Structures are given as C-alpha cells and as structure tokens.
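A short write-up of the structure that comes next.
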Amino acid sequence: MPSNTLIHDWNQTEAAPQRAISFDDETLRDGLQSPSVRDPDIEEKLRILHLMEDLKIESVDIGLPGAGQRAAEHARRLACEIASQRMKIRPNCAARTVIADIEPVVRISQEAGIAIEAATFIGSSPIRQYAEDWTLDRMLRACEEAVTYAVKNNLPVMFVTEDTIRSHPETIKALYRSALRCGARALVACDTVGHATPQGVRALIKFVRKEIIEPWGEEVRLDWHGHSDRGLSVINSIAAAEAGADQLHGTGLGIGERVGNTPMDLLLVNLRLMGWITRDLSRLRDYCLAVSQATRVAIPNNYPVFGVDAFRTATGVHAAAVIKAINKGDMELANVVYSGVPSHLFGMSQLIEIGPMSGKSNVIYWLTAHGIEPEESRVARIFAAAKNSNHVLTDDEILEAISTTGELTAKARKRET
C-alpha cells in the first residue's frame, strides 16, 4: 500500500516557492577553509565534482585561484574537466574585489574555454568596516574596479557581500546597485558568521528583492549563502527560498570555517521531502562518503540520513514494526513506518540488529536474513546473550552465542560471516 495513504502529513501545508531553486556547491572552496579538513588531491576533487554532476547540482565553486599555485592549478583542472566532459554544472571561482584575484580566473576561463562566474566578495557590515578601517567610498571603488574588470574580460559576475545579515540597508543598497551598474548579474546575500534566524533571512531577502532587484528592471539572480554557528543553516536556507532566493549555497557534510556551512546533503534531503525539488538523490550517500574520505572528516554515527545509525535499530518495538512491514512484502512501508526519511530515496536501507533493548523478533529476523533457521532454542540463546550485554551484538558475538554448544562448526561460522 502506498505510504502516502497511511500518513497525514501536516508538513504539506508549506507552499513551494513559485521560482525554480538551484544550488551552488561550495565544498571545494569554502568548505576547505575549515582548519580541521585535509585539502583533497585533485583526483579526489574530480570524483566529488562528478558526483555533484550526477546529483544535478547546478553550480560549483572550484576554488580561489588567487590564493596560490595549488589552488590555481586545481581550479584549472576542474574547469578543464567540466569543459572536456561537457558537464552541465556551471563553475565559479571566489575572488576578493581586487584585480590580482580576478586575473587568474580570467586565465583559467580562457584556457578551459568555458565561462567561469567570478564570485567577487567584500565585507559589508559596520563591524567589518570598523575593523578594516574601510570607508563606504573605498568599498564602492573596489567593487566598481573589480566587477568592471571581470565583465570586460568576459566573466559573468556574482557579487557577494560578506556578513550581509549584519549590514546596514543603505550600505547593502549602495554596494549592490554599484555592482549591477558595472555588469554583475547575480547578487549573493551572506550570513558569514551564522548570525541569522529564519525571520532575519526572510527580511533580508525580501528587502534585496523589493529595494534593489525589482527597481533594477532586469533579470538578476539572488543567492543565499549561510553558515551553521547557531545550528540554523538548513532552516535559514529554506526561509531564503521561501522569501525569494533563486540559488542556495552549501557544502558536503556542512564542512567549512568554525562549525561550517549549510550542509548541501541535508538541504537537498529536506527540499526533496518537502516536494520542492524532484531530482534523483540516490547517489547522495556516495557524495557524502566521497567528501568524508577526501577531507578526512568523519560522519558522526547520528548524522541525519547518512550516519550509520540513521536507519539502524536494535530496539524491540521499532524493529518489530519494521519487520512486520517487511513481512507484508512492502519495503516502502518498512522504510517509513519508524522513520521520517524514506531511506531508499537516498541510497540507504534499513538495518535491524540485536542488543539489550531488542525483542525476539530482532533475533528471528537476523537469523532469517543470514540464512539460519530461527529454531526456538537458538533464538533463546541469542536473546539471552543480548539481554546480558551492554551493547549491540556484533555478528561474531551472535554466532558465538549460537556455537556455545558446538551447534555451529568453525566452517559454518565462517560461511555465515
């Protein structure tokens, strides 16, 4: 039976945005600013890039080539891969609003033979202005010089104001209008330090649309870039889309400076479950694993959807419900009866184990799944071992409980493992 006939979903009162939502993946640049990550080798970055393409992520930040030779070479290789493989994902490069940062982007774009969007950024909050001794006139001159240079060299420009969420409205207006006059065709509002709440995000995005983009009278893409310092990055990104953002930024596993960026994977999961996007996300697990392995960032056991415990249960009541659904021959039902996330949509599956909180149904299921007859005395021995344990039993421990009376030979145990 379709699970949607068995669930009354109060979430469906949420209205999807009228505009299409796209995504910019910052894993390979902003994500690598975390002091705890390893900067992946180029072959690892290429694999992650192809997984982004498989997930139909629209845009990717391929680096800040002005940061040095390694960053420039990796950005060049990624751009050439996009061009040679005729990938649909659009590359962009971060650059401060200085010519020295934009020049290498121009060279890479020309060598690869594809357009690379220049993500020119400058801090806009009064606290940043005070710390840097910047005047608004100086900031406007830097903006005009950088955007004009990029446009003259055939680079599309997304103009980024850092710390937009803590910036004065008049400063935001002045900087964005200046960038648009000089040829920028995308604006990026940022919560650089993770300060925002959903209410603040909605207010900012609506302000930029009403006060800057609508009066401009031409098509301008509006992006949202958020961080996770208050743990609100995913809901803030959803709020941004509701309020009128066209493109949302994120990183694999939420890696990035301090506590990180919006997790791209969890953002995609939530928007898919909300019905706001319909793309195939069955390779999202592969993407998360590739990011984890390449950056040496472990995925916590209880990480939503992609942690090892996300669809794993050893609790008797929970497992019994899942097993009953499986016995009905309905895997879709089994995937949602005790889970708010259908595991199969994201390349995952349910896992039933045996531990001190388990019931006998866990034991019977495990034995059956491993091709072992769930004979009553056998079930009893495993159940007793589980109740006397302080952890979920490993496969070896389960087989040992069976073999204590010599029931299974070493050969049989090896076969079953």
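The numbers here are math on the coordinates, done by the rules we state, and not lab data. Owing to the predicted nature of the structure, the values given are computational and were not obtained by experimental measurement. Note that we place each Cβ from the backbone using ideal geometry, even for glycine, and neighbour counts take in every protein chain shown.
Things worth noting here:
- When M357, M348 are sorted by how many other C-beta atoms sit within 10 angstrom of their C-beta, beginning with the fewest, the order is M357, M348.
- Over the stretch 92-222, volume per residue of the alpha carbon convex hull, in Å³: 102 Å³
- Spatially proximal lysines relative to K88 (Cα-Cα < 18 Å; intrachain offsets below 8 disregarded): K45, K56
- From the Kirkwood radius over Cα pairs of the stretch 312-416, Stokes-Einstein at 20 °C and 1.002 mPa s returns a whole-number translational diffusion coefficient of 150 µm²/s.
- Relative packing of 264-275, 193-204, which averages over residues the other C-beta atoms within 10 Å, highest first: 264-275, 193-204
- Each of the peptides 63-75, 245-257 was scored by the mean count of other Cβ atoms within 10 Å over its residues; in descending order, highest first, they stand as 245-257, 63-75.
- The packing ranking, built from the mean of other Cβ atoms within 10 Å per residue, places the peptides 372-381, 120-129 in the order 120-129, 372-381, highest first.
- Within the stretch 305-320, backbone nitrogen closer than 19 Å to the virtual label 7 Å beyond the Cα of H370 toward Cβ: 312-316, 319-320
- Only DSSP H runs of four or more residues enter the estimate; each adds -39500 (n - 2.57), and after division by the residues of the chain the mean residue ellipticity at 222 nm equals -13000 deg cm²/dmol.
- Treating r as the C-beta distance of L46 and D280 and R0 as 30 Å, the FRET efficiency rounds to 0.90.
- Relative intensity of the stretch 264-344 on a log10 scale, I(q)/I(0) at q = 0.15, 0.20 Å⁻¹, equals -0.63, -0.99, per a Debye sum over C-alpha point scatterers of equal strength in the absence of solvent.
- Expressed per residue, the C-alpha convex hull volume of the chain stands at 163 Å³.
- Sorted by Cβ density within 10 Å, fewest first, the residues S59, S292: S292, S59
- Using θ = phi - 60° in the Karplus curve 6.51 cos²θ - 1.76 cosθ + 1.60, the 3J(HN,Hα) couplings for the stretch 84-96 round to 5, 8, 6, 6, 7, 5, 9, x, 9, 10, 6, 7, 5 Hz; x is entered for Gly and Pro.
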